[in-house]
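Here, each number is a calculation from the coordinates, and none is a lab measurement. What you see is a predicted model; the values in this text were computed from it and never measured. No Cβ is skipped: glycine too gets one built from the backbone with ideal geometry, and neighbour counts run over all protein chains shown.
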Amino acid sequence: MVILYHSEPKRGAHWQQQIKQAFPDIEFRLWPEHGDLNEITALVVWQLKPELLAQLPNLEVIFTVSAGVDQIPTEYVPKNVTLVRMINTDLEQQLTEYACMGVLNIYRGLPLFTAQQRNHHWKPWYCKPANQFNIGVMGLGQQGKAVLRGLQQFHFNCKGWARSQHDLEGVDCYAGAKELSTFLSDLDVLICLLPLTAETKGILNQDIFKALPQGASLINMGRGEHVNEEDLIEALNSEQLGYALLDVASVEPLPEQHAFWSHPKVQLTPHIAGITRPEAGFISLKENIERWQKGLPLLGVVDLNQGY
Ligand code: GLV
């Protein structure tokens, strides 16, 4: 069994070591040392070029190092190849931390106090009780659910929206286009944790911003392409939106001239909300390799028709 790894080199070297110990019969090759491509039965990748896929006649499975798989050209993945995304509790924990950090900052007025401090302005502002602060999470997969559980600990009023109906304890759930405006109508903070698909590309546009109460905030922990960036800047400038915390952008790294860099109502982070750490990621990979060897169903299999 031969696995080819094509992603961040340091993590690859760590996993190569770990594989050697855990699976002496598996060869774990690090790109660009791919050897004979006919021997490769599994890939471990972040991005993937169709040209590489075309050279792997015996490929059975693709493990992504990411939770999102939008960077994989799924239309080129043969039907007999299983695509698996990274699922681990460490990733969920990191995303929960990030969401709580962002929401608590907004809830307690830190963007306002930061601006006031710049002007040497001492002026109290008092937040409302947490159970009157409405937070809506778009995307109710593993990560959306984990983030909601984290936010519930602060007694915020939590709502969720997804394509299909969900039933989550203590969360008002909404489904589909029909219920979207009701979901948005009273939110203080909207958090995006959707997968990026043809359907969700550009979903965070002026229609959504207008459906939110004036002054609401946005936290985007999904993908940059979920956002219509021009509409977002317009919504911030017109004060329809109060603030945006963005971990992702449509072009990364963000181009030098981009308006987000210096916008007073935008806080940027460079795609760090949740990363696959070598140790935690290996636990997930190991579990799936064991399952693969035993012919058991893998964890995190992507539905190629749905794209997540
Ligand atoms: C990171 O963005 C991921 O998809 O894991």
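Expressed as a whole percent, the proportion of Cα-Cα pairs in the range 89-268 lying more than 27 Å apart is 22%. For the chain, the longest principal axis of the alpha carbon atoms and the long axis of helix 278-294 meet at an angle near 50°. Footprinting exposure proxy ranking of Arg149, Arg108, fewest other C-beta atoms within 10 angstrom first, gives Arg108, Arg149.
Pairs exceeding a 21 Å alpha-carbon distance, out of Lys210/Lys265; Lys201/Lys286; Lys49/Lys294; Lys49/Lys145: Lys201/Lys286; Lys49/Lys294; Lys49/Lys145. For chymotrypsin sites (Phe, Trp or Tyr not before Pro), the sites in the range 146-207 that DSSP calls loop and that have at most 16 other Cβ atoms within 10 Å are Phe154. Compared with the dominant Cα axis of the chain, that is its longest principal axis, helix 89-107 is turned about 10°. Computed from Cα atoms, the angle from the helix 142-152 axis to the main principal axis of the chain rounds to 30 degrees. Within a straight-line Cα-Cα reach of under 20 Å, Lys79 can be paired with the following aspartates and glutamates, leaving aside sequence neighbours fewer than 8 residues apart in one chain: Glu39, Glu51, Glu60, Asp70, Asp303.
The shape of the range 128-215 comes out oblate: with a ≥ b ≥ c from the C-alpha gyration tensor, a/c is at least 1.5 while a/b does not beat b/c. Under 1.5 on a/c is rounded, so check that first for the chain, then, if it is not, pick prolate when a/b is larger than b/c and oblate when it is not; a ≥ b ≥ c are the square roots of the alpha carbon gyration tensor eigenvalues. Cα axes put the chain in the prolate bin. Is the range 10-100 best put as rounded, prolate or oblate by its Cα gyration tensor, with a ≥ b ≥ c the root eigenvalues, rounded for a/c under 1.5, and otherwise prolate when a/b is larger than b/c, oblate when not? Oblate.
Report summary: the helix-based calculation at 222 nm, which adds -39500 (n - 2.57) for every DSSP H run with n ≥ 4 and divides by the residues of the chain, gives -9000 deg cm²/dmol. Relative contact order of the range 1-71: 35 percent, from C-alpha pairs under 8 Å at least 6 residues apart in sequence. Near the amide H of Leu241, within less than 5 Å, lie the amide hydrogens of Gly215, Leu236, all on another chain or at least 5 residues away, with H placed in the peptide plane. Simple rule: put +1 on each Lys or Arg Cβ and -1 on each Asp or Glu Cβ in the chain, find the dipole, and look at Leu194, Gln152, Leu91; the Cα lying farthest toward the positive end is Gln152.
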